[in-house]
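See structure below.
Rule-based calculations on the coordinates, nothing more; no lab input. Keep in mind that what you see is a predicted model, and the values were worked out from it rather than measured. Cβ: placed from backbone, ideal geometry, glycine included. Neighbour counts: every protein chain shown.
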Amino acid sequence: MSASRASRFNQRSLAPVLFLAPAVLFFLFYVIFPIFQSIQISLYDWDGLGPKTYVGVDNYVELMDDEAFYTSLKNNVIWLVLYMLAIPAGLFIALFLNQTVFGMRLYKSLFFFPFVISQVVVGLVFTWFYDPSYGLLNVILGWFGMGPIAILGDETWVTYGIIFAGLWPQTAYCMILYITGLNAVDPEQIEAGRLDNAKGWKMLWYIILPQLKPATFIALVVTVIGALRSFDLVSIMTAGGPWGSSRVLAYYMYEKAFSEYGFRMGYGAAIAVVLFLIMMIYITFFLVKMYRDEKGL
Amino acid sequence: MFPTPIERRSVALQRLYKTALPIAMVMWLLPLIAVALTSIRSAGDITAGNYWGWPTSFNLIQNYSDIFTNTPLGSYMWNSVRVTVPTVIGALALSCMSGFALAVYKFKGDMLVFFMFVAGNFVPFQILMVPVRDLTLQMGLYNSVTGLALFHIAFQTGFCTLFMRNFIRSLPVELIEAARVEGVKEWRIFWFIILPLMRPAIAALAVLVFTFIWNDYFWATVLTQGAESQPVTAGLYSLNGQWVAAWHLVSAGSIVAALPPVAIFFLLQKHFIAGLTLGAVK
């Protein structure tokens, strides 16, 4: 009896280790260790093939005087701020679509469409949309006697043009989060609000939005991550141009490490570390909230 | 329901709503509609700048067969399949087990392991780029579908574990307790009791991971080059460089590349949205 109990106990302490081992090993190998390796590489001068030379914090010192680094950092901030528009825009569309008219399901799917397609396709579509000679945007501007403007060739407009393209799928994502959230709103509270004469904005602000808090939280998390991962669109639409004015940290890092400008792995890694530290603020914020929720359960 | 159901509003407002709906949808999808229309135009229309007028001829079949016969688009698509399908299977297999372990057992450091998966999932790709490329090179897997798929499996395991663990947590614990009292072995509990109940979670994640990986562009450019291993996202980008101003071909290629995730989304919409909105409702 006691022997079998002991074996049961062993099995229960061994089982989680066995179940976890493959996933944990894979994840450590490809995700966790590389983070530390990158931090280490950022202290070296390395072309990716030859020997590494230890240079201490030289790469970071160089970053402080790098004009292109500041341009990228500034663009990252613009991305972060403007990407937030996806949240209210998504809520707006969700409210617009939260009806039970014939064919609503299809409408909802079609509005969600941009999120399903690849950012490469989104980038190509918008590059063409902005095209100064044939693009739809300039055709429309032409009707009002304006334009043409080459959005992607203009240092002032280029980043905004790319962000606008990115907002398209991101808004669709936030929309679907809010549609699901709205379905779960307690109808009794709405009726109670109606009895208290709460309407329109008041109802939205005091009764609906508090109940949509989980959806808003997720929308915020995915939008911040989306904004900081803004590599694909920049690479496809402008390759950082014109004259590097639309670079973001994610793209500048890639350019430094792998492009024709030379294989500066150490310098690239230093840029990645900066990006990682910015992201770390959000990861910590998210983990703290999650930890609280777990303890609260 | 909020806002007030339109049926309870005035007739005028109802009419307005029903007219506004299709107009809003067309405007929302305008860039895509334009691309779809361009993909059936002739090369002549493109050079003449006839982008928005009535097409002089409809070249649906010609354009779409052109991109498959004159470019490696077919092989790019096949590479995408070879990366995406093993990734979906691999990431799901790993995360079913790890999610089970984290949901069912209490052990020292369980929270630490769980948070490692969650945090790793949010990391910017760039911090992994140099070491992962180097690692793949050293394993001799650079520029191969296997190298790309292995990395994707590892990275997606983070998100999938979070999802699976929370899903299993929501299942009734009594099931497991009862099985243990009966003396059922732990792996049999996993295989015969929990796994069958995880079907909805598996379906939701399969659809999501498929879409994420199919649409991945960054890792495709970092770990592969050339038509023998590049997936369609990276392939489309290199084709775009070759097809200067051949917008009818770029458009047709974009549509083809977008088709698989779109088809999956429409077929398995319920699962897709269930996966994406996990946590959006308390």
| note | Percent of all alpha-carbon pairs of the protein assembly as shown at distances over 46 Å, whole number, is 19
| said: For a test of the definition: using alpha carbon positions, the gyration tensor, and the 1.5 limit on a/c, classify chain A as rounded, prolate or oblate. | reply: oblate
| request: Grab the other residues whose beta carbon is less than 13 angstrom from that of B:Ala24, score K and R as +1, D and E as -1, and report the net. | output: +2
| query | Dividing the alpha-carbon Rg of region B:161-277 by 2.2 N^0.38 Å yields what? | reply | 1.55
| task | Please work out the Cα convex hull volume for region B:31-153 and give it in Å³ per residue. | result | 193
| remark: Summing -39500 (n - 2.57) over every DSSP H run of at least 4 residues in chain A and dividing by its residue count gives a helix-only mean residue ellipticity at 222 nm, to the nearest 500 deg cm²/dmol, of -22500 deg cm²/dmol
| message | Could you work out [θ]222 nm for chain B from helices alone, using -39500 (n - 2.57) per DSSP H run of at least four and dividing by all its residues? Round to the nearest 500 deg cm²/dmol. | response | -22500 deg cm²/dmol
| said: Net charge around A:Leu220, counting only other residues with Cβ within less than 11 Å of its Cβ (Lys, Arg = +1; Asp, Glu = -1)? | reply: +2
| note | With Cα springs under 10 Å, the Gaussian network model of chain B assigns the largest mean-square fluctuation among B:Ile67, B:Ile40, B:Ile127 to B:Ile127
| task | Under 13 Å from the Cβ of B:Ser57, count the other residues' Cβ atoms, weight Lys and Arg +1, Asp and Glu -1, and hand me the total. | result | 0
| note | Note on chain B: contact order normalised by length, alpha-carbon pairs under 8 Å, 6 or more apart, percent, works out to 29
| request: Name the residues whose placed amide hydrogens come within less than 5 Å of the amide hydrogen of B:Arg41, ignoring near sequence neighbours (fewer than 5 apart) on the same chain. | output: B:Asn59
| said: Which one, A:Leu43, A:Leu152, A:Leu141, has the greatest fluctuation when you compute a Gaussian network model over chain A with C-alpha springs under 10 angstrom? | reply: A:Leu141
| query | For B:Gln225 and B:Ala20, what is the calculated FRET efficiency with R₀ set at 51 Å and r taken between the beta-carbons, to the nearest 0.05? | reply | 0.60
| Lysine pairs with alpha-carbon atoms under 28 Å apart, chain A, spacing 8 or more or separate chains | 9
| query | Plugging the Kirkwood radius over Cα pairs into Stokes-Einstein for region A:151-201, at a temperature of 37 °C and a viscosity of 0.692 mPa s, what D comes out in µm²/s? | reply | 232
| Given the C-alpha centroids of region B:151-173 and region A:213-244, what is the distance between them in whole angstrom? | 25
| request: Could you work out how far apart the two model spin labels at A:Leu14 and A:Thr100 are, taking each label as a point 7 Å from the Cα in the direction of the beta carbon, and quote it in nm? | output: 5.6
| task | Return the tail of the calculated pair distribution for region A:1-128, meaning the percent of Cα-Cα pairs more than 24 Å apart. | result | 69
| task | Neighbouring Cβ atoms within 10 Å as the yardstick, rank B:Asp110, A:Asp293, B:Asp216 fewest first. | result | A:Asp293, B:Asp110, B:Asp216
| request: Output ³J(HN,Hα) for region A:283-290: one whole-Hz value per residue in order, computed from phi by the Karplus curve 6.51 cos²θ - 1.76 cosθ + 1.60 with θ = phi - 60°, and x for Gly and Pro. | output: 4, 4, 3, 5, 5, 4, 5, 5
| task | Run the quick spin-label model on B:Lys106 and B:Glu7: label points 7 Å from Cα toward the beta carbon, then report their separation in nm to one decimal. | result | 5.0
| Once a ≥ b ≥ c are taken as the square roots of the eigenvalues of the Cα gyration tensor of chain B, is the result rounded (a/c under 1.5), prolate (a/b larger than b/c) or oblate (a/b not larger than b/c)? | oblate
| said: Can you list residues from other chains, or at least 5 along the same chain, whose modelled amide H is less than 5 Å from the amide H of A:Tyr44? | reply: A:Val55
| said: Report the Cα-based extents of region A:153-297 along its three principal axes, largest first, to the nearest Å. | reply: 67, 41, 19
| How crowded by other chains is B:130-138, given as the mean number of beta carbons from other chains within 10 Å of each beta carbon? | 6
| said: Once you compute Rg and the Kirkwood Rh from C-alpha atoms, what is the Rg to Rh ratio for region B:148-208? | reply: 1.07
| Percent relative contact order of region B:1-132, based on C-alpha pairs within less than 8 angstrom and at least six residues apart? | 11
| task | Calculate the radius of gyration of the Cα atoms of region A:82-246 to one decimal place, then report Dmax, the largest Cα-Cα distance, as a whole number, both in Å. | result | 18.9, 60
| request: For region B:6-68, just the Cα atoms, rotate onto the principal axes and tell me the three extents in Å, largest first. | output: 53, 24, 16
| Taking the Cα atoms of region A:231-297, what is the range of coordinates along each of the three principal axes, in descending order and whole Å? | 52, 26, 14
